[in-house]
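Colleague: I have a structure here, written as structure tokens, and I will follow up with some questions on it.
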Amino acid sequence: MAKLNVSIDDRLRDELFKLVPPRRRSQVVNEALRNELLRRKRRHAAEVVRRLRKNSATLSGQEIVEAVRRDRTRTER
């Protein structure tokens, strides 16, 4: 585990010290940071998917079924 010096808002620090016991603060900060990073990764992934959809061809359900059938017959040979 690595140590990291960061600055936080005074009110946030006061609330952390008031609500979280001394030996649990690192765990709480780690969990909060982990959740925030996961949220940001998901938002980024969703944006990538939105851009891909915007730039991709749109297929109908029937076109998808036909493509899957063609692919299956090709791989069965």
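Colleague: Take LYS41 and decide whether it is surrounded by 10 or more Cβ atoms within 10 Å (Cβ to Cβ) and either of a type in the set (Gly, Ala, Ser) or in a helix (DSSP H, G or I) (or both).
Modeller: Judged against the criteria, LYS41 is a match.
Colleague: So which of SER26, SER56 ends up being without any contact (Cβ under 8 Å) to a residue 12 or more places away in the chain and more than 18 Å from LYS3 (Cβ to Cβ)?
Modeller: Result of the check over SER26, SER56: SER56.
Colleague: Mind checking which residues of the stretch 1-26 are among the hydrophobic types (A, V, I, L, M, F, W, C), part of a helix (DSSP H, G or I) and surrounded by 10 or more Cβ atoms within 10 Å (Cβ to Cβ)?
Modeller: LEU16, PHE17, LEU19
Since every read-out is calculated from the coordinates, none of them should be taken as a lab result. Keep in mind the model is a prediction, meaning the values are calculated, not measured. Cβ sites come from the backbone with ideal geometry, for glycine too, and all protein chains shown count toward neighbours.
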